[in-house]
Amino acid sequence: MVQIVGNDKIKGVSLLRQGDTFAISAEESLDFLLQQHFPLHLPLREEKQLNEKVGKFMNSDRSEEILQYFQVWRVKAATASFQPMKAAGPDDLKPVVLQHIGDVALAKMTNLFKRSMMSSFIPKRWRQMKVVFIPKLGKDDYSVPKAYRPITLSNFLLKVMERVLYWFLSERVIALPLPNQHAYTRGLGTETALSSFADLVENAFHRGKKSLVVSLDCSGAFDRIKFSSAKEALDTAGSPAMIAGWYNQVLTSRLVSADLQGAHNTIIPTMGSPQGGILSPLVWNLVMNSLLSTFPREGVKAIEYADDVILIVNGDDPITMASHMERALRRVCEWGDHHGLTFNPDKTTTVMFHRGRKRDYSPELYMGGRQLQYSDKLTYLGIIFSKRLSWTDHIKSRVRKCTYLLNKTKNFVGKEWGLNPARALWIFEAIIRPKLTYEPQPQPDK
């Protein structure tokens, strides 16, 4: 409700621009979106050159265990885990259809999943996916492709199989939660990430120490991650080769279709993982774990939520702290190069939290050959932290946003007869209070 009332700038995708070049047709706008979110994609005519190794049966370690895990009752539970009317993929079959099939069909579906696992073969219907572009909240300019998030809608037969594999990995392979990661994990979220960050900074602050904090901006994380990085992350986590090989086939053989105001295009991605996929968040966390696990040796604390990474160094001497942070930033850049990801220094926020009021603690700090600029405040997951841990900026921001929401709501709730006490109470409880007291963002399906 807060998002609906407070975002009057969001409209449907219209003619977009790429740099100084404006699209003159829906086809060009769609091309701009696909270039932004599926970089270096291939045209559909090159499909025949892909997947030459598809169809070869795999007999790897733990193969029998994986195949035995695909039980009819577990497949039925996986189909029931989705909302019945959730948006369908290209086959237009919603979960409610699979949730009402009989035991014989469920047994055939289970055997189909096993055959797909054994051969690493993804049926063509499963490989067909469609993408819809959703406007990101809070953007000032919706004429650029970056202002939209690509949500992939795949067929639910594939999603059900992914769900079963997610359960297998979570129960028998990967020890969750992964250290210092708060996204896409049951029991963790924005509030635990904020709590961990505030605890580290406030602990140093109250002991008279300083905290050097760098908030990193990872550009197009899910769009640009290499296929090889996903497989490497699964292998490193101890995933059986059968699962890593099967998921690699999903990534490399998918066909993505998009429609925009009558324009249509189908492409073959050459990187990235589908936003909206069941295994995508887990694989992303495994990729990020290869970075976060290195920081304790650098004297740097790291906190990650999705593609937001916070690096923290506590200490007394700003020069020494900056030295530790620069080593960590070099490691971040090297890691990004290896996985096809970039960190934008212009969007990286650097803050030195301290008690001092007369001295300026701002040692030079470089990232990728660019000097980072210090800021007086840091906005992390919707909360504004000032460098002296004053809540004035955050309170003013909340009051300003709540006042705006109140005025917007009054325009249509009390348009004819004014606000009665019941309506005023509803506005406060449904719109003002959640915004004032911080409303964490929901997480995607796990």
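The values are calculated or read from the model by the stated rules, or taken from the named source; none is laboratory data. Bear in mind that the values here come from a model prediction, so they are computed numbers and not experimental data. All Cβ positions, glycine included, derive from the backbone under ideal geometry; neighbour counts span all protein chains shown. What goes into the accessible areas is simple: the full protein's heavy atoms, side chains included, and nothing from ligands, DNA or RNA. Shrake-Rupley method; radii C 1.70, N 1.55, O 1.52, S 1.80 Å.
Observations, loosely collected:
- Restricting attention to segment 272-291 and to residues that are among the polar types (S, T, N, Q) and open to solvent by 10 Å² or more (accessible area, probe 1.4 Å), the residue that is farthest from the chain's Cα centre (by Cα) turns out to be 290.
- Residue 249 falls short on exactly one of the conditions (1) within 30 Å of residue 27 (Cα to Cα); (2) touching a Phe, Trp or Tyr at 6+ places or on another chain (Cβ under 7 Å); (3) in a helix (DSSP H, G or I), and that condition is (2).
- Single match in 224, 254 (criterion: of a type in the set (D, E, K, R) and out of contact with any helix residue (DSSP H, G or I) (no Cβ under 6 Å at 6 or more places or on another chain)): 224
Yes or no, residue by residue, for (1) surrounded by fewer than 23 Cβ atoms within 10 Å (Cβ to Cβ); (2) of a type in the set (Phe, Trp, Tyr); (3) at pLDDT 95 or above:
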position	(1), (2), (3)
247	no, yes, yes
252	yes, no, no
258	yes, no, yes
294	yes, no, no
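- Qualifying residue in segment 215-228 (condition: more than 19 Å from the chain's Cα centre (by Cα), under 30 Å from residue 361 (Cα atoms) and at pLDDT 95 or above): no
- Unmet requirement for residue 312, which otherwise passes all of (1) part of a loop (DSSP other than H, G, I, E, B); (2) farther than 30 Å from residue 151 by Cβ: (1)
- Each residue in segment 363-421 was checked for being open to solvent by 40 Å² or more (accessible area, probe 1.4 Å), touching an Asp or Glu at 6+ places or on another chain (Cβ under 7 Å) and in contact (Cβ under 8 Å) with a residue 40 or more places away in the chain, and 1 of them qualify.
- Test: residue in segment 191-201 that is part of a loop (DSSP other than H, G, I, E, B) and either β-branched (Val, Ile, Thr) or within 26 Å of residue 238 (Cβ to Cβ) (or both): no
- Taken together, 179, 135, 123 contain a single residue that is more than 30 Å from residue 70 (Cβ to Cβ), loosely packed, with under 15 Cβ neighbours inside 10 Å and either modelled with pLDDT of 95 or more or not hydrophobic (A, V, I, L, M, F, W, C) (or both), which is 179.
- The residues in segment 141-172 that are touching a helix residue (DSSP H, G or I) at 6+ places or on another chain (Cβ under 8 Å) and of a type in the set (A, V, I, L, M) can be counted, and the count is 7.
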